[in-house]
Amino acid sequence: MLPDGFSDIMINLGEPYHLVGHDGNTQLVEGSVLFGQRTKPLLLQQPGAVRMIGIRLMPGSEFLFSGMKASDLVNSFVPLAAINNKMINILQSLTTASTDADKIKQTEALLLALLRTDAGAAKALQATRIIMAAKGDVVVEDVALQVGVSYKQLERLFAKHVGLSPKAFARVHRFYNAFAQVRALQKANWMQVLHNCGYYDQAHFIKDFSYFSGITPTKQFTAKDTIDDFFGFA
């Protein structure tokens, strides 16, 4: 799972899986969790039966679901049951649903019922959409002006609702866009990708790519059977 600017809820109805961090450390994950924003890659290894429901949260909505400051979950995760007792209802109801369609329908309804309101959420969401629309190639001070807040206010909104700073979020999303473009090409036209994504030169792109993915671009695009095929990059 490469950094892409999104948070994920992983409802695991199958066997426990191992989570391998960029530093090589391995954790056993037995239940369902909320993954925060990432600046480093994660590898999920599931030796047993795979049965998951993956939910992508729009950037800026993490606090609305969890009530937790998003910056506390960067490169980390928290069990759903620890977020809110109502989350337990989601897991319990899924054990009684007979079909996958019923499981998805119940999950959506219960998650929407958990949404809370927050005065700053709208501006945080607006800012993330501006950055995403520009594919990360923005001047953050200009984003703050468009949203109608100061740069410091925008930083505080991002800490609470997004997790990453505005500049870090833009950097991640620029990487995400570059990765998606390169992966879509049978033979990468590197200079065109660099130009499209706002990178100064090839060295700048390779530096960001290696930082966020943990490997070089050439090695990444020869890898097979990675879970990023299913999370945003199919």
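The values are calculated or read from the model by the stated rules, or taken from the named source; none is laboratory data. Note that the structure is predicted; figures quoted are calculated from it, not measured. Glycine gets a Cβ as well: all are built from the backbone with ideal geometry, and neighbour counts include every protein chain shown.
Among the residues of the stretch 39-55, the ones that are without any contact (Cβ under 8 Å) to a residue 60 or more places away in the chain and under 24 Å from LEU114 (Cα atoms) come to 4 in all. Right, ALA180: within 18 Å of MET58 (Cβ to Cβ), at pLDDT below 90 and among the hydrophobic types (A, V, I, L, M, F, W, C) or not? In short, yes.
Have a look at GLN220, GLN192, GLN186 and point out the one that is surrounded by fewer than 19 Cβ atoms within 10 Å (Cβ to Cβ) and either under 26 Å from GLN46 (Cα atoms) or at pLDDT 70 or above (or both). Talk me through it step by step, then tell me what you get.
Working: GLN220 fails: surrounded by fewer than 19 Cβ atoms within 10 Å (Cβ to Cβ); GLN186 fails: either under 26 Å from GLN46 (Cα atoms) or at pLDDT 70 or above (or both).
The match here is GLN192.
Residues being more than 17 Å from LEU64 (Cβ to Cβ), touching a Phe, Trp or Tyr at 6+ places or on another chain (Cβ under 9 Å) and in the same structural domain as PHE175 (by TED's automatic domain parsing) are entirely absent from the stretch 120-130. Listed by position, the helices (runs of 4 or more DSSP H) enclosed by the stretch 42-150 that each have at least 1 residues that are basic (Lys, Arg) and modelled with pLDDT of 80 or more are 100-114, 121-133.
If you check GLY232 against the conditions, is it at pLDDT below 95, over 28 Å from ILE9 (Cβ atoms) and surrounded by 15 or more Cβ atoms within 10 Å (Cβ to Cβ)? No.
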